[in-house]
Structure formats: C-alpha cells, structure tokens
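Novice: Submitted below is the structure of interest, expressed as structure tokens.
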Amino acid sequence: MERIILASKSPRRRQLLEWAEIPFDVLVKDTDEMYPASLPIDQVPVYIARNKALAVKEELSHDRLILAADTIVVLKDQVIGKPSGKEDAVRTLKSLSGQTHLVITGVVLMKDEAEIAFADITEVEFHTLTEQQIKYYVEQYQPYDKAGAYAIQEWIGVTGIKRVHGDFYNVMGLPVSRVIKAINQFEK
C-alpha cells in the first residue's frame with residue numbers, strides 16, 4: 001500500500017492507522033472549522049474534513065493520497081464541539097449523561113482530481129453518570145481536545161457507556177474499515 005498523507009493532528013487517528021498497518025505521514029495545516037449554518041448536520045464533518053484535505057493538498061509538490069477526517073457529537077440536533085475548558089467539559093458530560101447521542105465522522109480522501117467523501121454515524125448511549133464520575137473523568141483525563149468532551153477508549157467509555165450501535169472506531173475518530181475500502185478504490 002502506498003504511503004498516504006494523514007491531514008490530522010489526532011493521536012487517536014494515528015493510532016488507528018497504525019493498528020490497521022496503513023503506512024502514512026502526517027501533514028497538517030490549520031484550517032477554519034466554521035461551516036455554513038444551512039448545511040445538513042451529517043455533512044458538517046465532511047465539509048470540515050474537505051477543507052483540511054484541500055489545505056494540505058496546496059502544500060504538496062506532487063499528488064499523494066490525502067486522508068482528512070473530522071468528528072462531531074450531536075445531541076438532540078445540536079452539534080457539541082470540543083469543550084473550552086473544565087467547566088464546559090463538565091457541562092457537556094452532564095448533558096450526555098443518560099442520553100443517546102450521535103458521533104459523526106466525516107472522511108475525505110483525495111488524490112489528483114479524484115475524491116471519495118462520506119460520513120459515518122454511530123449511536124452512543126451513556127448510563128446516567130454521577131457528578132462525582134464526571135468531575136473525576138474531567139480532572140484525570142482533561143478531555144479538552146475531544147468532541148463531546150470524552151474519549152470512548154478512556155475510563156469514561158469503559159465505565160459510563162451503556163450501548164454503542166455502529167462502528168466503535170468511528171467514535172474514536174476514524175471508521176477504519178470504511179477508510180480501507182475507500183483507499184483500495186484509489187489503488188485499483
């Protein structure tokens with residue numbers, strides 16, 4: 001498999017690609033994560049991922065396969081981003097407690113003029129969390145770089161998640177099996 005360019009700072013995405021034994025280099029350009037208000041929610045992370053891929057493509061001197069992704073959490077039709085700090089993380093987790101929410105990862109792969117883009121959606125249901133559990137998690141794990149203020153592979157996921165319907169790895173930040181299928185389409 002040809003080495004791809006991962007247009008993401010996410011250590012979880014790097015880890016997932018390593019587990020899948022996909023050779024990659026990381027190249028990231030800061031991009032605006034704003035999106036048009038009229039965009040359907042499931043297209044928000046695809047839109048942001050496309051902007052990340054295009055920013056990296058501009059930096060390359062020759063065409064390579066670029067993989068960009070963005071993950072959002074949606075509760076009751078509201079996008080929940082990364083928390084701004086400790087209080088925001090606690091407030092976010094309180095809102096997710098006892099609720100079912102969606103984790104949507106937008107993926108864009110591009111090379112030359114070809115592009116494959118999709119959104120993968122996973123339903124996640126939390127048990128009702130105590131304030132003590134929430135504060136413990138936020139203090140110990142500082143989930144400030146995570147959409148929805150949590151990582152499924154950390155303590156809160158192991159102890160607080162009741163049910164996952166869909167791709168577990170999508171909740172970590174990348175629906176790896178779908179990404180591999182898309183990469184294979186470029187290699188045909």
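Laboratory data are not the source of any read-out in this text; all were calculated from the coordinates shown. Every value quoted in this text rests on a predicted model; they were computed, and no experiment measured them. Note: ideal-geometry Cβ built from the backbone for every residue, glycine included; neighbour counts use all protein chains shown.
Novice: Under the definition of Cα pairs under 8 Å and six or more residues apart, what whole-number percent is the relative contact order of the chain?
Specialist: On the way: 357 pairs, mean separation 40.6, N = 188.
Contact order relative to length: 22 percent.
Novice: Further, regarding this structure: Separation between the LYS86 and PHE186 pseudo-spin-labels, each 7 Å from Cα along Cα→Cβ, expressed in nm?
Specialist: 4.2 nm
Novice: Which value in deg cm²/dmol, rounded to the nearest 500, describes the helix-derived mean residue ellipticity at 222 nm for the chain, given -39,500 (n - 2.57) per DSSP H run of n ≥ 4 and division by the residue count?
Specialist: -10500 deg cm²/dmol
Novice: Given 0.36 nm per residue, what is the gain on full extension from SER97 to LEU75 after removing their alpha carbon distance, in nm?
Specialist: Contour length minus Cα-Cα distance gives 6.8 nm.
Novice: Which pairs in the list LYS52/LYS146; LYS57/LYS181; LYS29/LYS86 are over 19 Å apart, alpha-carbon to alpha-carbon?
Specialist: LYS57/LYS181; LYS29/LYS86
Novice: Okay, moving on. In degrees, nearest 10, range 0 to 90: what is the angle between the Cα axis of helix 176-186 and the longest Cα principal axis of the chain?
Specialist: Long axis of 176-186 versus the principal axis of the chain: about 10 degrees.
Novice: Starting from the Cα gyration tensor of the range 18-61, take the square roots of the eigenvalues, sort them a ≥ b ≥ c, and report rounded, prolate or oblate (rounded when a/c is under 1.5, otherwise prolate if a/b is larger than b/c, else oblate).
Specialist: Oblate, because a/c is 1.5 or more while a/b does not exceed b/c.
Novice: Can I ask one more? Assuming R0 = 22 Å, can you tell me the calculated FRET efficiency for the pair MET1 and GLN153, based on Cβ-Cβ distance, to the nearest 0.05?
Specialist: E between MET1 and GLN153, to the nearest 0.05, is 0.35.
Novice: Among (i) 30, 16, 15; (ii) 23, 21, 16; (iii) 34, 19, 15, which one is semi-axes √(5λ) of the Cα gyration tensor in Å computed from these coordinates?
Specialist: It is the one labelled (i).
Novice: Separate question: Expressed as a whole number of Å, what is the distance separating the alpha-carbon centroids of the range 62-132 and the range 24-48?
Specialist: Cα centres, the range 24-48 to the range 62-132: 11 Å.
Novice: Please report, in debye to the nearest 20, how large the charge dipole of the chain is about its Cα centre when each Lys and Arg carries +1 at its beta carbon and each Asp and Glu carries -1 there. Provide the component values of the computation, followed by the final result.
Specialist: Numbers: 23 positive and 27 negative charges, 77 e Å.
That gives the chain a dipole magnitude of about 380 debye.
Novice: Near the amide H of ILE80, under 5 Å away, which other amide H atoms are found, from residues 5 or more places off or on another chain, if H is placed in the peptide plane?
Specialist: HN-HN under 5 Å from ILE80: VAL73, VAL74, LEU75.
Novice: In degrees from 0 to 90, rounded to the nearest 10, what is the angle of the helix 131-141 Cα long axis to the longest principal axis of the chain?
Specialist: 40 degrees
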